[in-house]
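Data block below; observations after.
The values are calculated or read from the model by the stated rules, or taken from the named source; none is laboratory data. Bear in mind that the values here come from a model prediction, so they are computed numbers and not experimental data. All Cβ positions, even for glycine, are placed from backbone atoms using ideal geometry, and neighbour counts span all protein chains on display. Keep in mind that these areas ignore ligands, DNA and RNA; they rest on the heavy atoms of the full protein, side chains included. Shrake-Rupley method; radii C 1.70, N 1.55, O 1.52, S 1.80 Å.
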Amino acid sequence: MFTDRRLSSSQVISVIYTYAIHVITACSPTLSPSYCSISPCSDYLATGSWSGLIKLWSLPKCNPVVTLAGHLGRVGAVVFSPLGCTAEGDVACLSSCDSDGVVNLWSMNSTKRVGELAGHNCRVARLGYHPSGRFIATACFDHSWRLWDLQTTSEILHQEGHSGPVYSVSFHNDGSLLATGGLDSYCRLWDLRTGRAVLFLEGHLKSVLSCDFAPDGYHLGTGSEDHSCKIWDLRQHKCIYTIPAHNNMVTFCKFAGTSTNATFITASYDNTAKVWSHRGWMPLKSLTGHDNKVMCVDCSWEKKYIVTVSYDRTFKLWTNKSIS
């Protein structure tokens, strides 16, 4: 069990700065990887590609485990269920979406999909699991987002509100709220009990490509095509800090850790990923080494691994200890 301990600023910096010690690169012979996700047990990595393939890798060795072929369009996201990745039988513990509007459900015990969320008629950019593991939200290019019940594989909520395609979704830690980011440059918060928008976050100059709730429950991070990340305080209903994070569009942002020991990680088309302190929003580490734009970044819950995938057809595993 992970122990939630308070660390001093110097301790936090010393932990984060060691991430560049050991890097593993695995090349993909197909089109560029577009998404990465680390399993809750930190034993597996899933990567999605514009070729339509999904690959599972073991951690930390990065040995290929299985290739899942079920998409004809470009994979937009592949996400592990919060319930874990060791489910027996054909229990779905992994979900993926693509540019054709296909959302597939996968188990760890089969190379064939075990289910599909049918009903999208346009590109599904991203998806996310509810903390309970029972529901999935999908971000759609028809200017809407949808909520699905995995037990019945049926749509239970279809909500519009953005004036452009919805590109990102993120559930609050307690499951009561959903954040959506859109190509209309806005972020909205939705009360899942009523299905209504409860907060409108305006401030980015271009598309909002990513959003994520902090472990403390009242901060929200957004990454944008305007090269910046914004930190929003949900108690004050406003942006409290703008991070001039990168020299190109921010493709992904992610909080990792616990409410007392969290970090904020960003990825960008400037070929780098960066680690920031929470709550001072100070730069802690720049992860350099990719030869092209970084499409996505993920971090294990205990902050042991960071993974980046890039348009250079590689992914890199960053860890704080050497791997024999």
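Electrostatic bookkeeping for L72 treats Lys and Arg as +1 and Asp and Glu as -1; over the other residues with beta carbon under 14 Å from its beta carbon, the sum is 0. Please state the shape class of the chain: rounded when a/c is under 1.5, otherwise prolate if a/b exceeds b/c and oblate if not, all from the C-alpha gyration tensor. Judged from the Cα gyration tensor, the chain comes out rounded (a/c under 1.5).
Roughly how big is the chain's charge dipole about its Cα centre, with Cβ charges of +1 (Lys, Arg) and -1 (Asp, Glu), in debye to the nearest 20?
Using Cβ point charges on Lys, Arg, Asp and Glu, the chain gives about 700 debye.
Ordering D298, D43, D174 by how much accessible area each has at a 1.4 Å probe, largest first, what is the list?
These residues rank, largest area first, as D174, D43, D298.
What the phi angles of region 215-220 give under the Karplus curve with 6.51, -1.76 and 1.60, with θ = phi - 60°, is a coupling list of x, 6, x, 10, 10, 10 Hz, glycine and proline written as x. Taking every protein chain into account, the 1.4 Å probe leaves M282 with about 110 Å² of accessible area, to the nearest ten. When exposed loop sites are taken as GluC sites (Glu not before Pro) in a DSSP loop with at most 14 other Cβ atoms within 10 Å, the longest stretch of the chain clear of them is 89-201. With all pairs of separate Cα atoms included, region 243-324 yields a Kirkwood hydrodynamic radius of 12.8 Å. Accessible surface calculations at 1.4 Å, restricted to protein heavy atoms, place region 141-225 at 39 Å² per residue.
The phi torsions of region 155-167, fed into the Karplus equation with coefficients 6.51, -1.76 and 1.60 and a -60° offset, translate into couplings of 7, 10, 7, 10, 10, 9, x, 7, 8, x, x, 8, 10 Hz, rounded to whole numbers, with Gly and Pro shown as x. Only protein atoms count toward the accessible area here, which uses a 1.4 Å probe; on region 149-217, the carbon and sulfur part of that area reaches 44 percent.
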